[in-house]
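Here's the structure, in structure tokens; my notes come after.
What follows is calculated from the coordinates using simple rules that are stated; it is not laboratory data. Everything quoted here is computed from the prediction, not taken from an experiment. Don't worry about glycine lacking a Cβ; one is built from the backbone with ideal geometry, like all the others, and counts go over all protein chains shown.
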Amino acid sequence: MYPQTMIPVILEDEILGERVPVDLDAVLPVSATIEALAQLRRLPRTYRGQPAAYELIRDATGDVLHPSLSLAQQGIAPGEVLILARPPMPAGRKWLIGGLVAGGLALVACIGFGVAYLATSSGAGRPTPTTTLTQIPTLDPTALALTPTVEKEELESAGPASSGACTDDARFAGDVSVPDGTKFAPNEAFTKTWRMMNTGTCEWDERYQWVFVSEERMGGPESINLVEKAPGGTQINISVALTAPAEPGTYRGYWQMRNPSGALFGESPYVEIIVSAPASISAAVAPQATTRPDEVVRIAATATRSMNTILIVVSQGGAEKGRQSCSGSATCTYDFGGAGNSATGEFSYTAYACDRAEGCEVDAVDRTSGSFTINAEQIDAPARLDVSFACCQNNQYSAGIIWPAVEGAATYEVTMQMNGKERVLLGTVQNNAYALFPTSAEGISYPITFAVRACTAAGTCSGYTSQVVQGP
């Protein structure tokens, strides 16, 4: 991500002699802000043979901003004017100017000697002041006046930070992975990927590096070399393997591009994560076993703290049968089964406690498992049978069967079996009585067993209740 906490200010650039509106990061230390401004505005890297230094001054008060504190910490408000300038020259190097200031116009009178201040060029076109003692017979007081000649030459010769004919610049184009605020367990490894756009004219190659700049490095390298080329105007994905810190909290790390000359350039996006406190989860199931398929089994999971996601998954024989997800809570309840369910047997469940929804089953902070059973519906058999049997008048037989009604029965099956032969279904009735009308007695053999069983509407039947007829 790139910082969104920006403060719009008016920058009075005394180095380049410009007044421009800019947006500055409110939370970065002022020293980092100055470094970014120096690169963005391509200010000289050296001054008079020494590394260049710059400071920000609050125009309203004249106070120099503290380099270790942020703009927000120093109360900078939107629209304020900030002056970008060089620090005052050290006392040891002010001797010439101090000798020149007298009332208004700077003059010096030296008997036998005069001091001439010459500017010569060194490095990449940057002037280096040099002092030379020259003996002169007399000094015209009007011949030496303090003028901004050296400053003017420096302004004209200030070039881009990158060398050669091309320039380096970069802009943050988006988060590919690990958006701001992603939660990780302590010491959890992850890969952060940024998308950066080459907004300069130099082509990025393996000599260019992605460099850690400030705050929390999260176990990553100090820098990595790019693995693919990116000509100007194109985008590139940059990935770094990181590890979440061991202690809970919010962590941020800034990264930036660096060219082969060692100069940082472009925008400095960051990675921001939340390391969560340890958590555990438990679950309870009731009932542990049902008496029929349409009975609800409730699985209640409870974590020791609020989680991004609690997920409950039910499976049977390795195949998922259902799941329930709850967000932003320490509890989650899943009612499995109920009306219309016909699945029976043993089931297993797993409850996951997760700090993010994506990949919850793989990256869970904690998990717990258990099982339960859904039984087929049970129904009682008829308590007894009362059979009236008559045979064999007119070579026919008949029978009448009654039994006590069974609670929950939708139908009854009535069967007859002669002398151990195959059972024959006489009929299915809804009432607790059956009449066998006169039937040919040819082939009849004893004993004859009459039996009845009760069945539910779902087709679950009880065992048989029987009565045996030994003879006519």
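Observations
- So THR333, is it in a strand (DSSP E or B), of a type in the set (Ser, Thr, Tyr), surrounded by fewer than 20 Cβ atoms within 10 Å (Cβ to Cβ) and touching a residue at least 60 places away in the same chain (Cβ under 8 Å): no
- Complete set of residues in the range 361-384 that are of a type outside the set (A, V, I, L, M, F, W, C) and part of a strand (DSSP E or B): ASP366, ARG367, THR368, SER369, GLY370, SER371, THR373
- Scope the range 447-471; condition surrounded by 13 or more Cβ atoms within 10 Å (Cβ to Cβ), of a type outside the set (A, V, I, L, M, F, W, C) and not in a strand (DSSP E or B); matching residues: THR456, THR460, SER462, TYR464
- Tallying residues that are assigned to a strand (DSSP E or B), over 41 Å from the mean Cα position of the chain (by Cα) and free of Cβ contacts under 8 Å to residues at least 12 places away in the same chain within the range 20-66 yields 2.
- Among the conditions (1) touching a strand residue (DSSP E or B) at 6+ places or on another chain (Cβ under 6 Å); (2) farther than 30 Å from CYS202 by Cβ, ARG258 misses just one, which is (2).
- Looking only at the range 393-425, and only at residues there that are free of Cβ contacts under 8 Å to residues at least 40 places away in the same chain and in contact with a Phe, Trp or Tyr (Cβ under 7 Å, 6 or more places away or on another chain), the one that is farthest from ILE379 (Cα to Cα): ASN419
- Subset tally (residues that are on the phi < 0 side of the Ramachandran plot and either crowded, with 16+ Cβ neighbours inside 10 Å or without any contact (Cβ under 8 Å) to a residue 40 or more places away in the chain (or both)) for the range 435-446: 6
- Annotation note: of ALA343, ALA301, the sole residue that is part of a strand (DSSP E or B) and of a type in the set (Gly, Ala, Ser) is ALA301.
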